[in-house]
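The values are calculated or read from the model by the stated rules, or taken from the named source; none is laboratory data. Nothing here was measured: the structure is a model prediction, and the numbers come from that model. Positions of Cβ are generated from backbone atoms using ideal geometry, with glycine treated the same way; all protein chains shown enter the neighbour counts. Surface accessibility is based on the protein's heavy atoms, side chains included, excluding ligands, DNA and RNA. Shrake-Rupley method; radii C 1.70, N 1.55, O 1.52, S 1.80 Å.
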Amino acid sequence: MTYEHRLHLQGEADTTALGERLSLWARPGMVVLLQGDLGSGKSTLARAFIRRLMNSDKESDIPSPTFSLIQVYDDTRVPVFHADLYRLSAQSEVDELGLQTLLTTHCGLVEWPERQSRALSPDVLHITLSGRGDRRTAHVLAEGSWASALNRDQELQHFLTTTPHANSRRHFFEGDASARRYERIIAPNGDMVLLMDMPQRPDGPPVKDGRPYSQIAHLAENITSVVAINRHLVSLGYSAPRILHADLQRGLALIEPLGFNVYATMTRAGLDMHEALGEAAAVLAHMATQNWPRQPEAAPGVFHTLHDYDEQAQLIEVDLLPCWYIPFMRDIEATSEQRESFADVWSRVLPLAKPQTPQWTIRDFHSPNLLWIPERVGLKRVGIIDSQDAVMGHPAYDLVSMAQDARVDVPEALEDFIIQQYIALRQRQGTFDVDAFMTAYAVLGAQRSTKILGIFARLNKRDGKPGYLKHMPRVKQYLIRNLRHKALQPLQQWHLTHTPDLFS
């Protein structure tokens, strides 16, 4: 795939805007090759690109690499380097800069790339600038990941022209462990909305019965799930982001921002979370009283189906532990006997967590996806995001997701507070079997911890994202905590036999 376009730039402002827009797609390994005569705007574009990665408007932060040859920025959103090869005359001199090594961890901007005779990366963006002053032209030719990014960028720009935000500025907001990404869209008057970029999920390789993992685990395939689920949650009075504009076919939506008081950030800041967590438990207790549809509507005549969180889905998730966690811990593949015996144990304990009346289970009801909105009233003070993977399941799953949070420490005393708040509210609603609920809580807590250990190991090994490994010790402790329940003795014995390091 390639992308080619010719732009007419009205002076420095347009050149700066182009650099800022390109920075939205920066990733390690991607390189921008800037060609053009002196004064054509190469440095202006490079500075704008880097400045936006720094979230800074200070030009003084971006020194020219004319004399140093290369400037490296490690503390930007994406590590980036800026090289100027004008004064070099031989490939050996270029090699001494170590650009290809840097590209394993950084995005690169290279002025005067014609001094480089070897290809630096398959993910390359060629920009040739010509003209001066208010009459400049940029010839853009993209290959590899840059081509995919700029084709998608063109779709985003077109989508924005169909909304009141055609002239708003785009700022990178965040990406996550999935393919979703977000931008902040800021209008000239300062008003902000969020752009969700969620293209159709491609099918992965078949892992069982000819089906990919995402299908068996009932993961969201497209943005229709987000729109349908959020709209229904809002209709019931919960603080999910309102959908302002959506293009279901292209996987794009403008959504309401719910603020920046993220539970995870508040917890890491040392704030007292009892009120916020207690209110989130109240939201879950209230959700247990609702009659949840299996097919909420995303648009007239367009529905999203919520599947049962069935045994097949739960088993494929726990299989991530022998598939990824055991090789990570021991540097050796799990045996077929280990995988089969593990699945057999889980098949015996999962029925203990089968709901009598399935309800919407968000699955990621935890601190990164909960926001505190103190200016609202009652249950509306809890913002709920990333609900697209919701299924029909047991109410204990979301409670344990929050009370045994994978991203932040939840001491047992605080976990007990959350549980007791929830139980008290459920008991006020009518008959509530506490023992059965707590058994399901332990089973689903162990299932979730097991899945997460496998996911974090997979993110490290397959996706090159080692940052998640720092959460593993916490998740291991949650798993051990759940294995204390008498119903999970067979699972505890399996771990003592096959993964004794879990307890060390």
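Among the lysines, select those whose C-alpha is under 20 Å from the C-alpha of residue 354, and discard any that sit fewer than 8 residues away in the same chain.
451, 486
Using r as the Cβ-Cβ distance of residue 462 and residue 134, and R0 as 51 Å, what FRET efficiency do you calculate, to the nearest 0.05?
0.55
Simple spin-label model, 7 Å along Cα-to-Cβ: residue 169 to residue 264 in nm?
2.7 nm
Among 273, 232, 244, whose Cα projects farthest towards the positive end of the dipole of region 218-292, with charges put on the beta-carbon of Lys, Arg (+1) and Asp, Glu (-1)?
The residue sitting most towards the positive pole is 244.
Return one whole number: the accessible area per residue of the chain in Å², for a 1.4 Å probe.
Working: 22800 Å² over 504 residues.
Computed with neighbouring chains in place, this is 45 Å² per residue.
I need the fraction of alpha carbon pairs in the chain separated by more than 34 Å, rounded to a whole percent.
45 percent
Roughly how tilted is helix 434-461, in degrees to the nearest 10 and between 0 and 90, from the longest Cα axis of the chain?
The two axes meet at around 30 degrees.
Net charge near residue 159, counting Lys/Arg +1 and Asp/Glu -1 over other residues with Cβ under 13 Å of its Cβ?
-2
Enter the accessible area of residue 336 (Å², nearest 10), with the probe set to 1.4 Å and all protein chains included.
80 Å²
So for the pair residue 333, residue 290, with labels modelled 7 Å out along Cα→Cβ, what separation do we get in nm?
Calculated label separation equals 4.4 nm.
Keeping every protein chain in place, order 128, 16 by accessible area at 1.4 Å, biggest value first, i.e. largest first.
I get 128, 16, largest accessible area first.
Mind putting a number on the dipole of region 274-362 about its Cα centre? Charges go on the C-beta only, +1 for Lys and Arg and -1 for Asp and Glu, and I need it in Debye to the nearest 20.
220 debye
Suppose the chain between residue 503 and residue 12 were pulled fully straight at 0.36 nm per residue; how much longer would it get relative to their current alpha carbon spacing?
170.7 nm
Could you tell me the relative contact order of the chain? Use alpha-carbon pairs under 8 Å, at least six residues apart, and round to a whole percent. Kindly include the intermediate steps, with their values, before the conclusion.
Details: 871 pairs, mean separation 58.6, N = 504.
It rounds to 12 percent for the chain.
Using +1 at the C-beta of Lys and Arg and -1 at the C-beta of Asp and Glu, which of 434, 146, 414 has the Cα lying farthest in the positive direction of the dipole of the chain?
Value computed over the given set: 434.
In terms of the ratio Rg/(2.2 N^0.38 Å) built on C-alpha atoms, what value belongs to region 288-421?
Dividing the Cα Rg of region 288-421 by 2.2 N^0.38 Å gives 1.26.
Run the simple label-point estimate for residue 438 and residue 77 please: 7 Å along Cα→C-beta, distance reported in nm.
Result for the modelled spin labels: 4.7 nm.
Please report the carbon-and-sulfur percent of the accessible area for region 90-187; probe 1.4 Å, protein heavy atoms only, DNA, RNA and ligands left out.
Reported share for carbon and sulfur atoms: 49 percent.
May I ask you to give the percent of accessible area on region 211-348 that is carbon plus sulfur, with a probe radius of 1.4 Å?
Solvent-exposed carbon and sulfur of region 211-348 make up 49 percent of the total.
Between residue 307 and residue 207, 0.36 nm times their residue separation minus their Cα-Cα distance comes to what?
34.1 nm
Using a simple charge model, +1 on the beta-carbon of Lys and Arg, -1 on the beta-carbon of Asp and Glu, nothing else, what dipole does the chain show about its Cα centre, in debye to the nearest 20?
Its charge dipole is roughly 340 debye.
Restricting the count to DSSP beta bridges whose residues both fall in the chain, what percent are antiparallel, rounded to a multiple of 5?
If we restrict to bridges inside the chain, about 75 percent are antiparallel.
Just name one of 107, 450, 365: the one whose Cα is farthest towards the positive end of the charge dipole of the chain (beta-carbon charges, Lys/Arg +1, Asp/Glu -1).
Working it through, the farthest residue towards the positive pole turns out to be 365.
Assigning unit charges at the beta carbon (Lys, Arg +1; Asp, Glu -1) and nothing else, what dipole magnitude in debye, to the nearest 20, does region 91-206 show about its Cα centre?
Using Cβ point charges on Lys, Arg, Asp and Glu, region 91-206 gives about 380 debye.
Based on the mean of other beta carbon atoms within 10 Å per residue, what is the order of 142-153, 194-205, 400-411, most packed first?
Ranked from most to least packed, the peptides come out as 400-411, 142-153, 194-205.
Per DSSP helix of 4 or more residues, -39500 (n - 2.57); summed, then divided by the residues of the chain. What does that give at 222 nm, rounded to the nearest 500?
-11500 deg cm²/dmol
Within a Cβ distance under 14 Å of residue 422, other residues only, what is the Lys/Arg minus Asp/Glu net charge? Can you show the working numbers first?
Working: positive: 426, 428; negative: 279, 398, 415, 416, 433.
Summing Lys and Arg as +1 and Asp and Glu as -1 gives -3.
Kindly rank 41-51, 65-75 from highest to lowest mean number of other beta carbons found within 10 Å of each residue. Display every interim value, and only then the final one.
On the way: 41-51: 23.7, 65-75: 13.8.
Peptide ranking by packing, descending: 41-51, 65-75.
I need the calculated FRET efficiency for the pair residue 187 and residue 429, taking r as the beta carbon distance and R₀ as 30 Å, to the nearest 0.05.
Rounded to the nearest 0.05, the efficiency is 0.10.
Would you mind counting up the charge near residue 498? Only other residues with Cβ under 14 Å from its Cβ, with Lys and Arg at +1 and Asp and Glu at -1.
Local charge sum for residue 498: -4.
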